[in-house]
């Protein structure tokens, strides 16, 4: 069993992923973490905002670790993108449309109200973009084109999650998959020009 | 000056658009609406949830009214989509990255926690999709292809908003614009096959 501090961060990350930042109360966090109430402020003197910033970073790092597992074994980049979107759709159905992006909800909630949390979200998105660009450049695409594709893939994925969760349907992920695979294949065929 | 009930709904719609549902308190709503506290429960016996459902519907209807103004005067559909994304990027910069989609934040917050609010968001997304499909079908695209394009445009737009707000950059909207304009033009060129 991980230590108390770690349990608090992990419980926060899960609650924030499912219901967002504002709806997640400190009482709910310590209950989910099976931690004494005072321990939250002991480990995080800045309270919920400081804790959430760390939880956002943890979620971002965990998802970043998925990238090599999904992309590196598949030589065909279009097929890897397809597998990623299809896997996301399957997981969404399996979790009753609850488990999509771990930070999109909080990103929208805080972008105009908490600069520390906006920065935490921005750092995660930047890390995902950088990791994606690195992979596409390694496959021979120029950096600018690689960045355009990765930003497009993440945007299409995030927006599809919004529609899928609200409409309780994976249609938008299927559509987004076609949209981005088309762009990836066109870029590879033209060598990124 | 609109009546008290209308002011409460409009104030709620604006607060929810900027900071989401959970962060918006009833005290904040009545203050923004310059309404007596009791009036909220007088008009909305179901409290914040009932009020938010109506505010979501109002926001959705207002944005739906923008569609004819943006799309109908422009004969070239690709150009209309470009104008729409560029306009969204300009507006995002002008509002310091605050004013994007009026319902995406609440959609992500409530999709797994409030079925009445999820349904309110789903009704809005469905109305946007239907209005877009109607326009594309009127321009000669088969319905299935029209729906695919509209869902793709909304997904790319919503996801770009997430990235733009968190990263305080309009890059993702520019990328999303290229992605969807390419798909729209390819569909028109092939007659939607």
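Which condition from (1) crowded, with 24+ Cβ neighbours inside 10 Å; (2) at the interface with chain B (Cβ under 7 Å from one of its Cβ atoms); (3) farther than 19 Å from residue A:102 by Cβ is the one that residue A:149 breaks?
(2)
Could you tell me whether residue A:93 is out of contact with any strand residue (DSSP E or B) (no Cβ under 8 Å at 6 or more places or on another chain) and either crowded, with 19+ Cβ neighbours inside 10 Å or at the interface with another protein chain (Cβ under 10 Å from one of its Cβ atoms) (or both)?
no
Tally time: how many residues in the range A:103-132 are assigned to a helix (DSSP H, G or I), more than 17 Å from residue B:99 (Cα to Cα) and under 16 Å from the mean Cα position of the chain (by Cα)?
Number satisfying all stated conditions: 15.
Please verify whether the range A:107-128 includes one or more residues that are surrounded by fewer than 24 Cβ atoms within 10 Å (Cβ to Cβ) and within 18 Å of residue B:178 (Cβ to Cβ).
So far as the range A:107-128 goes, no, none of its residues is surrounded by fewer than 24 Cβ atoms within 10 Å (Cβ to Cβ) and within 18 Å of residue B:178 (Cβ to Cβ).
Of all residues in the range A:17-38 being in a helix (DSSP H, G or I) and at pLDDT 95 or above, which is surrounded by the most Cβ atoms within 10 Å (Cβ to Cβ)?
Per the stated criteria, the residue is A:29.
Return the pair list, or none, for Cβ contacts closer than 7 Å from residues in the range A:130-146 that are at negative phi to residues that are assigned to a loop (DSSP other than H, G, I, E, B) and modelled with pLDDT under 95, at least 6 apart or on different chains.
Close Cβ pairs satisfying both conditions: A:141/A:192; A:142/A:192; A:145/A:192.
I need a count of the residues in the range B:162-192 that are in contact (Cβ under 8 Å) with a residue 12 or more places away in the chain and facing chain A (nearest Cβ under 8 Å).
9
Specify which of the listed residues (A:73, A:68) is assigned to a loop (DSSP other than H, G, I, E, B), modelled with pLDDT under 95 and within 21 Å of residue A:153 (Cβ to Cβ).
Only one candidate qualifies: A:73.
Report whether or not residue A:67 is touching a residue at least 60 places away in the same chain (Cβ under 8 Å) and either surrounded by 13 or more Cβ atoms within 10 Å (Cβ to Cβ) or in contact with a helix residue (DSSP H, G or I) (Cβ under 7 Å, 6 or more places away or on another chain) (or both).
yes
The values are calculated or read from the model by the stated rules, or taken from the named source; none is laboratory data. None of the values given here were measured: they were computed from a predicted structure. Note that we place each Cβ from the backbone using ideal geometry, even for glycine, and neighbour counts take in every protein chain shown.
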